[in-house]
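Here is the structure we will look at.
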Amino acid sequence: MQQHDSIPLDDFIEYPPQQMHQRSMEFYQDIKRRHSIRQFSDKPVSRKIIENCIKAAGTAPNGANHQPWHFTAISSPDIKRQVREQAEAHEQRFYDGAANDEWLNALKPLGTDAQKPYLETAPWLIAVFSQKKGGVEAGEKNTNYYIHESVGIATGFLITALHHAGLATLTHTPKPMSFLSKICQRPDDERPYMLIIVGHPDEKATIPKHALKKKRLDEIADFL
Ligand SMILES: Cc1cc2nc3c(=O)[nH]c(=O)nc-3n(C[C@H](O)[C@H](O)[C@H](O)COP(=O)(O)O)c2cc1C
(Lines give C-alpha, C1' and ligand atoms only; values in the text may rest on other atoms or scores of the structure.)
Protein backbone atom coordinates (compact mmCIF):
# COMPACT_ATOMS: atom_id res chain seq x y z
CA MET A 1 0.00 0.00 0.00
CA GLN A 2 1.27 3.47 -0.82
CA GLN A 3 2.04 5.80 2.04
CA HIS A 4 -0.96 7.82 3.15
CA ASP A 5 -2.45 9.31 6.33
CA SER A 6 -4.51 6.75 8.26
CA ILE A 7 -5.89 5.90 11.69
CA PRO A 8 -6.57 2.46 13.27
CA LEU A 9 -9.99 0.99 12.50
CA ASP A 10 -11.78 1.32 15.84
CA ASP A 11 -15.51 1.22 15.08
CA PHE A 12 -15.86 -2.21 13.46
CA ILE A 13 -18.07 -4.51 15.55
CA GLU A 14 -17.27 -8.22 15.42
CA TYR A 15 -20.30 -10.39 16.20
CA PRO A 16 -20.18 -14.11 17.05
CA PRO A 17 -21.24 -16.25 14.03
CA GLN A 18 -24.62 -17.16 15.57
CA GLN A 19 -25.43 -13.48 16.09
CA MET A 20 -24.27 -12.66 12.54
CA HIS A 21 -26.63 -15.29 11.20
CA GLN A 22 -29.49 -13.88 13.24
CA ARG A 23 -28.72 -10.28 12.26
CA SER A 24 -28.59 -11.21 8.56
CA MET A 25 -31.97 -12.98 8.84
CA GLU A 26 -33.53 -10.11 10.79
CA PHE A 27 -32.32 -7.53 8.30
CA TYR A 28 -33.70 -9.57 5.40
CA GLN A 29 -37.07 -9.95 7.16
CA ASP A 30 -37.16 -6.21 7.77
CA ILE A 31 -36.07 -5.02 4.31
CA LYS A 32 -38.55 -7.46 2.75
CA ARG A 33 -41.27 -5.20 4.16
CA ARG A 34 -40.06 -2.26 2.04
CA HIS A 35 -42.51 -1.62 -0.75
CA SER A 36 -42.85 1.22 -3.22
CA ILE A 37 -46.18 2.79 -2.41
CA ARG A 38 -48.19 5.26 -4.45
CA GLN A 39 -50.81 6.36 -1.92
CA PHE A 40 -49.43 8.57 0.84
CA SER A 41 -51.07 10.25 3.84
CA ASP A 42 -50.32 13.87 4.68
CA LYS A 43 -49.13 12.94 8.21
CA PRO A 44 -46.13 15.17 8.93
CA VAL A 45 -42.59 13.80 9.34
CA SER A 46 -40.03 15.79 11.31
CA ARG A 47 -37.16 17.34 9.40
CA LYS A 48 -34.67 15.81 11.88
CA ILE A 49 -35.60 12.29 10.68
CA ILE A 50 -35.05 13.30 7.05
CA GLU A 51 -31.72 14.89 7.98
CA ASN A 52 -30.56 11.68 9.71
CA CYS A 53 -31.53 9.57 6.69
CA ILE A 54 -29.68 11.91 4.31
CA LYS A 55 -26.65 11.75 6.61
CA ALA A 56 -26.85 7.94 6.36
CA ALA A 57 -26.97 8.22 2.54
CA GLY A 58 -23.90 10.44 2.68
CA THR A 59 -21.85 7.59 4.19
CA ALA A 60 -22.15 5.46 1.02
CA PRO A 61 -19.02 4.18 -0.73
CA ASN A 62 -18.19 6.29 -3.79
CA GLY A 63 -15.55 7.04 -6.39
CA ALA A 64 -12.39 8.55 -4.81
CA ASN A 65 -14.55 9.76 -1.88
CA HIS A 66 -15.71 12.77 -3.91
CA GLN A 67 -19.30 12.05 -2.75
CA PRO A 68 -20.81 13.22 -6.06
CA TRP A 69 -24.34 13.75 -4.79
CA HIS A 70 -26.71 16.42 -3.57
CA PHE A 71 -30.06 15.90 -1.87
CA THR A 72 -32.76 18.59 -1.98
CA ALA A 73 -35.41 17.82 0.66
CA ILE A 74 -38.67 19.54 -0.19
CA SER A 75 -41.53 20.08 2.25
CA SER A 76 -42.74 23.47 0.97
CA PRO A 77 -46.32 23.02 -0.34
CA ASP A 78 -45.64 25.56 -3.08
CA ILE A 79 -42.54 23.75 -4.36
CA LYS A 80 -44.25 20.35 -4.11
CA ARG A 81 -47.09 21.76 -6.22
CA GLN A 82 -44.60 22.96 -8.87
CA VAL A 83 -42.96 19.51 -8.93
CA ARG A 84 -46.35 17.82 -9.31
CA GLU A 85 -47.44 20.14 -12.13
CA GLN A 86 -44.26 19.61 -14.12
CA ALA A 87 -44.03 15.87 -13.41
CA GLU A 88 -47.64 15.26 -14.45
CA ALA A 89 -47.21 17.29 -17.65
CA HIS A 90 -44.14 15.22 -18.62
CA GLU A 91 -45.74 11.93 -17.57
CA GLN A 92 -48.85 12.74 -19.64
CA ARG A 93 -46.65 13.00 -22.74
CA PHE A 94 -44.88 9.78 -21.71
CA TYR A 95 -48.12 7.80 -21.38
CA ASP A 96 -49.62 9.49 -24.48
CA GLY A 97 -46.96 8.20 -26.84
CA ALA A 98 -43.43 9.22 -25.86
CA ALA A 99 -42.93 5.75 -24.32
CA ASN A 100 -42.86 2.72 -26.60
CA ASP A 101 -45.44 -0.07 -26.26
CA GLU A 102 -42.98 -2.48 -24.67
CA TRP A 103 -42.29 0.00 -21.86
CA LEU A 104 -45.99 0.81 -21.35
CA ASN A 105 -46.81 -2.92 -21.24
CA ALA A 106 -44.09 -3.48 -18.63
CA LEU A 107 -45.68 -0.78 -16.45
CA LYS A 108 -49.27 -2.05 -16.83
CA PRO A 109 -49.19 -4.53 -13.91
CA LEU A 110 -48.07 -1.70 -11.60
CA GLY A 111 -51.16 0.37 -12.45
CA THR A 112 -49.17 3.59 -12.83
CA ASP A 113 -50.46 6.53 -14.86
CA ALA A 114 -49.77 10.23 -15.34
CA GLN A 115 -51.58 11.30 -12.16
CA LYS A 116 -49.17 11.88 -9.25
CA PRO A 117 -51.24 13.35 -6.37
CA TYR A 118 -48.73 11.97 -3.86
CA LEU A 119 -46.22 14.56 -5.03
CA GLU A 120 -48.31 17.06 -3.04
CA THR A 121 -49.79 14.79 -0.36
CA ALA A 122 -46.56 13.25 0.95
CA PRO A 123 -44.79 15.43 3.53
CA TRP A 124 -41.37 15.19 1.86
CA LEU A 125 -39.90 14.84 -1.62
CA ILE A 126 -36.16 14.25 -1.82
CA ALA A 127 -34.63 15.16 -5.18
CA VAL A 128 -31.29 13.40 -5.67
CA PHE A 129 -28.74 15.07 -7.96
CA SER A 130 -25.47 13.69 -9.34
CA GLN A 131 -22.46 15.97 -9.70
CA LYS A 132 -20.12 15.84 -12.69
CA LYS A 133 -17.52 17.93 -10.90
CA GLY A 134 -16.51 17.92 -7.25
CA GLY A 135 -13.97 16.72 -4.75
CA VAL A 136 -13.64 15.59 -1.17
CA GLU A 137 -14.14 19.19 -0.01
CA ALA A 138 -17.48 20.91 -0.71
CA GLY A 139 -17.22 23.37 -3.58
CA GLU A 140 -14.26 21.70 -5.35
CA LYS A 141 -14.57 21.31 -9.14
CA ASN A 142 -12.36 18.32 -9.96
CA THR A 143 -13.45 15.39 -12.13
CA ASN A 144 -15.77 12.95 -10.34
CA TYR A 145 -15.47 9.18 -10.89
CA TYR A 146 -18.09 6.41 -11.01
CA ILE A 147 -20.79 9.02 -10.57
CA HIS A 148 -23.75 6.84 -11.53
CA GLU A 149 -22.62 3.92 -9.38
CA SER A 150 -21.88 6.15 -6.39
CA VAL A 151 -25.18 8.04 -6.48
CA GLY A 152 -27.06 4.77 -7.02
CA ILE A 153 -25.53 3.28 -3.87
CA ALA A 154 -26.20 6.46 -1.86
CA THR A 155 -29.82 6.46 -3.02
CA GLY A 156 -30.07 2.81 -1.91
CA PHE A 157 -28.72 3.78 1.50
CA LEU A 158 -31.26 6.64 1.64
CA ILE A 159 -34.23 4.40 0.83
CA THR A 160 -33.00 1.80 3.34
CA ALA A 161 -32.51 4.45 6.05
CA LEU A 162 -35.99 5.86 5.45
CA HIS A 163 -37.50 2.38 5.66
CA HIS A 164 -35.50 1.68 8.83
CA ALA A 165 -36.87 4.91 10.35
CA GLY A 166 -40.42 3.67 9.71
CA LEU A 167 -41.21 5.62 6.57
CA ALA A 168 -42.57 4.54 3.19
CA THR A 169 -41.05 5.64 -0.10
CA LEU A 170 -41.59 5.72 -3.83
CA THR A 171 -38.74 5.98 -6.29
CA HIS A 172 -39.99 8.24 -9.04
CA THR A 173 -38.22 9.09 -12.28
CA PRO A 174 -40.31 11.48 -14.34
CA LYS A 175 -39.00 11.55 -17.90
CA PRO A 176 -37.33 13.97 -18.59
CA MET A 177 -36.36 15.15 -15.09
CA SER A 178 -34.52 18.34 -16.01
CA PHE A 179 -37.34 20.50 -14.59
CA LEU A 180 -36.15 19.42 -11.11
CA SER A 181 -32.85 21.26 -11.58
CA LYS A 182 -34.73 24.48 -12.23
CA ILE A 183 -37.23 24.13 -9.41
CA CYS A 184 -34.49 23.14 -6.94
CA GLN A 185 -32.12 25.81 -8.34
CA ARG A 186 -29.26 23.37 -8.86
CA PRO A 187 -26.18 24.29 -10.91
CA ASP A 188 -25.59 23.26 -14.55
CA ASP A 189 -22.97 20.61 -13.70
CA GLU A 190 -25.51 18.59 -11.70
CA ARG A 191 -28.04 16.16 -13.16
CA PRO A 192 -31.32 15.13 -11.52
CA TYR A 193 -30.95 11.45 -10.67
CA MET A 194 -34.12 10.39 -8.88
CA LEU A 195 -37.00 11.75 -6.89
CA ILE A 196 -37.87 9.93 -3.66
CA ILE A 197 -41.34 10.49 -2.24
CA VAL A 198 -41.34 10.03 1.53
CA GLY A 199 -44.03 9.74 4.18
CA HIS A 200 -46.58 7.46 5.79
CA PRO A 201 -48.78 5.26 3.62
CA ASP A 202 -52.41 6.24 3.27
CA GLU A 203 -54.51 3.87 5.39
CA LYS A 204 -55.96 2.45 2.17
CA ALA A 205 -52.57 2.08 0.47
CA THR A 206 -52.12 -1.03 -1.70
CA ILE A 207 -49.14 -2.70 -3.33
CA PRO A 208 -49.31 -4.24 -6.80
CA LYS A 209 -49.03 -8.05 -6.73
CA HIS A 210 -46.58 -7.74 -9.63
CA ALA A 211 -44.10 -5.91 -7.37
CA LEU A 212 -44.14 -8.75 -4.83
CA LYS A 213 -42.70 -11.25 -7.31
CA LYS A 214 -39.05 -11.26 -6.22
CA LYS A 215 -36.63 -13.67 -7.86
CA ARG A 216 -35.44 -16.61 -5.76
CA LEU A 217 -31.87 -16.73 -4.47
CA ASP A 218 -30.87 -19.35 -7.07
CA GLU A 219 -32.19 -17.04 -9.80
CA ILE A 220 -30.16 -14.03 -8.71
CA ALA A 221 -26.99 -15.58 -7.36
CA ASP A 222 -24.57 -18.42 -7.72
CA PHE A 223 -21.73 -19.43 -5.50
CA LEU A 224 -18.44 -20.54 -7.01
C1 LIG B 1 -34.81 3.75 -11.08
C2 LIG B 1 -36.23 3.50 -10.69
C3 LIG B 1 -37.21 4.27 -11.27
C4 LIG B 1 -38.55 4.10 -10.89
N5 LIG B 1 -39.49 4.91 -11.43
C6 LIG B 1 -40.76 4.82 -11.01
C7 LIG B 1 -41.72 5.76 -11.45
O8 LIG B 1 -41.39 6.70 -12.18
N9 LIG B 1 -43.00 5.63 -11.02
C10 LIG B 1 -43.38 4.62 -10.17
O11 LIG B 1 -44.55 4.55 -9.82
N12 LIG B 1 -42.47 3.70 -9.74
C13 LIG B 1 -41.18 3.79 -10.11
N14 LIG B 1 -40.24 2.92 -9.62
C15 LIG B 1 -40.64 1.89 -8.64
C16 LIG B 1 -40.68 0.50 -9.26
O17 LIG B 1 -41.83 0.35 -10.04
C18 LIG B 1 -40.66 -0.53 -8.10
O19 LIG B 1 -39.45 -0.39 -7.39
C20 LIG B 1 -40.77 -1.95 -8.63
O21 LIG B 1 -42.03 -2.16 -9.21
C22 LIG B 1 -40.56 -2.97 -7.49
O23 LIG B 1 -41.49 -2.72 -6.45
P24 LIG B 1 -40.99 -2.49 -4.96
O25 LIG B 1 -40.15 -1.26 -4.94
O26 LIG B 1 -42.26 -2.35 -4.15
O27 LIG B 1 -40.20 -3.70 -4.56
C28 LIG B 1 -38.90 3.08 -9.97
C29 LIG B 1 -37.89 2.30 -9.40
C30 LIG B 1 -36.58 2.53 -9.74
C31 LIG B 1 -35.49 1.73 -9.06
Among the residues of the stretch 29-57, write down those that are β-branched (Val, Ile, Thr), within 16 Å of the ligand (Cβ to nearest atom) and surrounded by 15 or more Cβ atoms within 10 Å (Cβ to Cβ).
ILE37
Here is a check on your reading of the model: is ALA60 touching a residue at least 12 places away in the same chain (Cβ under 8 Å) and buried (at least 19 other Cβ atoms within 10 Å of the Cβ)?
no
Report, by residue number, each residue of the stretch 100-123 that is in contact with a Pro (Cβ under 7 Å, 6 or more places away or on another chain) and within 13 Å of the ligand (Cβ to nearest atom).
PRO109, LEU110, GLY111
Out of the stretch 17-63, which residues are among the polar types (S, T, N, Q) and in contact with a Leu (Cβ under 8 Å, 6 or more places away or on another chain)?
SER36
Might you let me know whether the stretch 133-151 holds any residue that is of a type in the set (S, T, N, Q) and closer than 21 Å to GLN39 by Cα?
no
How about the stretch 164-183: which of its residues are at pLDDT 95 or above, closer than 24 Å to PRO201 by Cα and surrounded by fewer than 18 Cβ atoms within 10 Å (Cβ to Cβ)?
HIS164, ALA165, GLY166, THR171
Which numbered condition ILE50 fails, given (1) within 25 Å of ALA114 (Cβ to Cβ); (2) within 15 Å of the chain's Cα centre (by Cα)
(1)
Cβ-Cβ below 7 Å, separation at least six or inter-chain, first residue in the stretch 1-28 and surrounded by 10 or more Cβ atoms within 10 Å (Cβ to Cβ), second basic (Lys, Arg): which pairs?
TYR15/ARG23
Every listed condition ((1) away from the ligand (no atom under 16 Å from the Cβ); (2) in contact (Cβ under 8 Å) with a residue 24 or more places away in the chain) holds for GLY139 save (2)
Strands (runs of 3 or more DSSP E) contained entirely in the stretch 124-224, each with at least 2 residues that are in contact with a Pro (Cβ under 9 Å, 6 or more places away or on another chain):
124-131, 190-199
For the stretch 165-193, enumerate the residues that are in contact with a Gly (Cβ under 9 Å, 6 or more places away or on another chain) and within 11 Å of the ligand (Cβ to nearest atom).
ALA168, THR169, TYR193
So LEU180 clears everything in (1) within 19 Å of SER75 (Cβ to Cβ); (2) without any contact (Cβ under 8 Å) to a residue 40 or more places away in the chain except one condition, right? Which one?
(2)
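The values are calculated or read from the model by the stated rules, or taken from the named source; none is laboratory data. If you're wondering where the values come from, they're calculated on a predicted model, not measured in any experiment. Quick reminder, even Gly has a Cβ in these numbers, built from the backbone with ideal geometry, and neighbours come from all protein chains shown.
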